[in-house]
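Contents: one structure, followed by commentary.
The values are calculated or read from the model by the stated rules, or taken from the named source; none is laboratory data. Bear in mind the structure is a predicted one, so any value in this text is a computation, not a measurement. Every residue, glycine among them, receives a Cβ derived from its backbone with ideal geometry; neighbour counts consider all protein chains shown.
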Amino acid sequence: MSKKLTKNKKKILDKISSKKYSLKEAILLVKEINFVKFDASIDISIRLGIDVRLPNQMVRGTVSLPHGTGKNICILALVPKDKELEVKKVGADYVGLNYIEKIKSGWTDIDVIVATPSVMNKLSTIGKILGPKGLMPNPKMETVSVNPEKSVKEIKSGKITFKSDRYGIVHASVGRVSFSHQHLLENIGEFIKIIIRNKPSTSKGSYIKSIYLSSTMSYGIPLDLKNFVNT
C-alpha cells in the first residue's frame, strides 16, 4: 500500500511544475492528479489581504453555485409549528424545535441550521455547541430568515456560505471531480466573483494574495492571479 502511495505521489509531483496555472489548466490538472477511488470534492482556498484583527475586515457571505457542490446538504430547520410543513416540502431533512434537546445531548449530524428570528432566543442554550462547529444560524449567512422555506430551497439548490478564517483564508467546496470542466469553471468563476465583490471597504493594498485549487487528499494547484480582474 505504501509503495502504491509513493508511486502515486511521484506521479503527482512529476505533473506539478513551479508555475502558476490558469483556471482551465488547474481544473484539468486537479482531475488528473486525483487518485482516490471516490468522487472527490474540488476545493478552493483564497488567501486575502485583510487585517484579521479587525472585525470589519472579516469576509463572509453566501454564493449560489450555478451547479451546486455535488453534495447533499443536510439541513435542520428550527421553525415554529406553522412553518414545519412548508420547510419539509422544500427539502429540510430535520424539522422542529424538539431537536434543540437532541443537540444538547450531543447530536450534530447536520451541515446547516436554518431558523426563523422568532426562535433564535431558544438557541442560546446550545450556542456553545453550535458556535465552534459553525452551525449557529446567522442573518449575514441568510440562515436566519422570516422565509425559511426559501432559505432551505436555495441551500439545497447550491447556495453555500463562506467566511474568512483567522489566517485570512476562505475555504470552500466548489464541486466534484465528476463535474464537467464547464460546470467547474462556472462554479469557481462565480465563487471568486462574489469574494471580490465582498472586499471590505477598509482593506488596503492587494486584496487577493493567492488562490489554490485541490481535490480531496491532493496537492494544491496555484492559480495565476492575472486571470482574475480587480484582484
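So which of K140, K122, K88 ends up being of a type in the set (K, R) and within 30 Å of G220 (Cα to Cα)?
Working: K122 fails: within 30 Å of G220 (Cα to Cα); K88 fails: within 30 Å of G220 (Cα to Cα).
From the options K140, K122, K88, the qualifying one is K140.
Only residues that are of a type in the set (G, A, S) and assigned to a helix (DSSP H, G or I) were counted in the stretch 91-148, giving 3.
The residues in the stretch 89-112 that are over 16 Å from K71 (Cα atoms) and either without any contact (Cβ under 8 Å) to a residue 60 or more places away in the chain or not assigned by TED's automatic domain parsing to the domain that holds M141 (or both) can be counted, and the count is 15.
Please specify each residue of the stretch 53-65 satisfying the condition of being surrounded by fewer than 15 Cβ atoms within 10 Å (Cβ to Cβ) and assigned to a loop (DSSP other than H, G, I, E, B). Residues satisfying the conditions are R53, L54. For the stretch 89-115, the set of residues classified as surrounded by fewer than 17 Cβ atoms within 10 Å (Cβ to Cβ) and farther than 20 Å from K128 by Cα consists of K89, G91, listed by residue number.
If you check E142, E186 for being among the acidic types (D, E), at pLDDT below 95 and surrounded by fewer than 19 Cβ atoms within 10 Å (Cβ to Cβ), only one passes: E142. Residue count for the stretch 14-29 satisfying the condition of being at pLDDT 80 or above and polar (S, T, N, Q): 1.
Checked across the stretch 30-39, the condition of being buried (at least 20 other Cβ atoms within 10 Å of the Cβ) and modelled with pLDDT of 95 or more holds for no residue.
Could you count how many residues in the stretch 69-80 are modelled with pLDDT of 90 or more and more than 21 Å from S145 (Cα to Cα)?
The total comes to 2.
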